[in-house]
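FYI, it's all coordinate maths here, none of it is from the lab. Worth saying up front: this structure is predicted, and the values here are computed from it rather than measured. Neighbour counts run over all protein chains shown; Cβ positions are idealised from the backbone, glycine included.
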Amino acid sequence: TPRLPCFLLHLHTQKGSNSTNATACRRHHHRLVSPPRISGTLPPDAAARHISWCGWDPTSAATAEPAEMAALRSAAARARSAALVGGRRLGTSSTAEAARERGKEKEEGTGWELSAAREYYDYRKSIYGDVTHRALLVDAVGTLLVPAQPTAQVYKSIGEKYGVKYSEDEILRRYRRAYEQPWGGSRLRYVDDGRPFWQHIVTSSTGCSDSQYFEELYQYFMTEKAWKLCDPDAENVFKALRKAGVKTAVVSNFDTRLRPLLQALKCDHWFDAVAISAEVAAEKPNPTIFLKACEFLDVKPEEAVHVGDDRRNDIWGARDAGCDAWLWGSDVHSFKEVAERIGVEVTK
């Protein structure tokens, strides 16, 4: 069946599903089934894996949905009906015809997806007016800002005087392996200033445990020369958003250096709030950090949209919290595009 936008998958999982786990975790159906499908049975251990994955038990959350979601459910049903018609047509084709139809499906799938997205946009406009969201939540690293130089290059250039011999490729390989492994020091990677975690990462990446080397690296990544903004037009956009009454917040898995870093980059005043995992004791994709951001802004989760570059942490996490979510680099490519989708015009 053609892939539908995740918000439709999110809504399509019904209480009458043929899987007990699907009922318990129906709000998480889109994140547990891979590849995404409109319906299906979750593996027996899916709920347990989900709980151990993000540290949040969906069975403890209320499963009732607000009454206003009925309209969106209807939209989902209509989109699914169209998809199923196409599925039956493909199923009755000969092998050769089926192959040709699969080629068409890729082209048509985009059309269906855009149509469903437009229907959802119109639905939001009918509820909230021309400005479809009251708040914009933004991921930090990879969306708002990125390292000015590759991390492995920085580790090597600063580390040479401390005896680091590994190549940049080797440092990067070791960095990724260390970063992706479970952190045994705490259930959170970033606690307060994050020093224990980053000390572990630096030592694992470079083989150097010199405290002066670590301190030089740690301080470097708190300065404006270590980072650059992803979108050079971001300032104008955030001014326009706030002028239009849209509240803004950064939501980031980061340590307490993020606040002084935003100040150093002269973008801290763009935001009404900052939700940092080290401060709220929850890391994306745990919905808690998104709920905290909404609390800081005094908005309901369904009134906010989150933009980030990580499908698991940003998109799935935000949707689990009840927020809308757009993937940076796929759904949107600039903050001007974000503002326009919300319904705010940006002029220079």
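Odds and ends about this structure:
- Annotated for the range 219-348: lysine pairs at least 8 residues apart or interchain, Cα distance under 15 Å, count 13.
- Kirkwood-type hydrodynamic radius, the range 164-272: 16.1 Å, calculated from all non-identical alpha-carbon pairs.
- Net lengthening on full extension, Glu215/Gln149 (0.36 nm per residue, minus Cα-Cα): 21.9 nm
- In nm, spacing of pseudo-spin labels at Ser204 and Asp233 (7 Å Cα→C-beta vector): 4.0
- What separates the Cα centres of the range 203-228 and the range 249-291 is a distance of 21 Å.
- The simple Förster model, with R0 at 41 Å and r as the Cβ-Cβ distance, assigns Met222 and Ala244 a FRET efficiency of 0.80.
- Protection proxy ranking of 314-327, 290-303, by the mean of other Cβ atoms within 10 Å over each peptide's residues and highest first, is 314-327, 290-303.
- With R₀ fixed at 41 Å, the C-beta to C-beta distance from Gln181 to Asp122 puts the FRET efficiency at about 0.35.
- In this structure, the amide hydrogen of Leu327, modeled 1.01 Å from its nitrogen in the peptide plane, lies closer than 5 angstrom to those of Val332, counting only residues at least 5 positions away or on a different chain.
- Working from the Cα coordinates of the range 266-334, the gyration tensor eigenvalues give, after taking √(5λ), semi-axes of 17, 15, 12 Å in decreasing order.
- In terms of overall dimensions, the C-alpha atoms belonging to the range 171-220 reach 27, 26, 16 Å along their principal axes, ordered largest to smallest.
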